[in-house]
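Asker: Let me give you the structure first, and then I'll get to my questions.
Please treat every number below as a calculation from the coordinates, not as lab data. On a predicted model such as this, the values are computed, not experimentally measured, just so you know. Using ideal geometry, Cβ is built from the backbone for each residue, glycine included, and neighbour counts are taken over all protein chains shown.
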Ligand code: S3P
């Protein structure tokens, strides 16, 4: 079975949709943030706090490399929102599988992350303003990484799963 890699901003639904797809397509669900936390035995917030963002970004690349080394197949891989920022990661993700960008508007994302305390990048920020700006900066990276884009704003989860079925 082909692998699927999900990219998109924080709160774009990668985890929720990834889990649903994993049962619909009998693929194993993996999440790069969870794999990093498992390896480091600390939360993503603590990695940012004690080891810094560049350490975290290197860990993201390392995770992709190990998945390729292990020749993982039949997986659906949810990636952290900043995974697309490095060309090297984009190349690795495309080697792993079909890359789907789950896009969502800043308003939808801000609403979903309203009470979130797990994203270090959002700490102490005016969420809507920060998300709008960062999403604008990152949009080109998501589009560049994507083999396929799914706009999620006005779609139900069922509709999104159907859309993936149509391209898988
Ligand atoms: C990040 C997104 C997070 C996590 C880290 C950094 C980002 O993942 O990797 O907090 O740079 O956008 P999610 O997209 O799963 O929230």
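Asker: Check off (1) more than 30 Å from residue 73 (Cβ to Cβ); (2) within 14 Å of the chain's Cα centre (by Cα) for residue 113 and give me the number that stays unchecked.
Answerer: (2) is the only condition that residue 113 fails.
Asker: One residue is enough: does the range 112-127 have a residue meeting the conditions exposed (fewer than 12 other Cβ atoms within 10 Å of the Cβ), more than 22 Å from residue 53 (Cα to Cα) and in contact with a helix residue (DSSP H, G or I) (Cβ under 9 Å, 6 or more places away or on another chain)?
Answerer: Yes: the range 112-127 contains one or more residues that are exposed (fewer than 12 other Cβ atoms within 10 Å of the Cβ), more than 22 Å from residue 53 (Cα to Cα) and in contact with a helix residue (DSSP H, G or I) (Cβ under 9 Å, 6 or more places away or on another chain).
Asker: Go over the candidates 140, 162 one by one and state the one that is without any contact (Cβ under 8 Å) to a residue 60 or more places away in the chain, under 19 Å from residue 7 (Cβ atoms) and either assigned to a helix (DSSP H, G or I) or more than 16 Å from the ligand (Cβ to nearest atom) (or both). Don't jump to the end; show me each part of the working.
Answerer: Values: 162 fails: under 19 Å from residue 7 (Cβ atoms).
On inspection, the qualifying residue turns out to be 140.
Asker: Would you point out the residue of the range 114-137, among those that are part of a helix (DSSP H, G or I) and in contact (Cβ under 8 Å) with a residue 24 or more places away in the chain, that is farthest from residue 81 (Cα to Cα)?
Answerer: Looking only at the range 114-137, we keep the residues that are part of a helix (DSSP H, G or I), and these are 120-122, 127-137.
Next, only the ones that are in contact (Cβ under 8 Å) with a residue 24 or more places away in the chain stay: 120-122, 131-132, 134-135.
Values: 120: 12, 121: 11, 122: 12, 131: 12, 132: 14, 134: 11, 135: 10 Å.
It comes out as 132.
Asker: Just to be sure, is residue 150 part of a helix (DSSP H, G or I) and either in contact with a helix residue (DSSP H, G or I) (Cβ under 9 Å, 6 or more places away or on another chain) or touching a residue at least 24 places away in the same chain (Cβ under 8 Å) (or both)?
Answerer: Taking the combined requirement at face value, the residue does not satisfy it.
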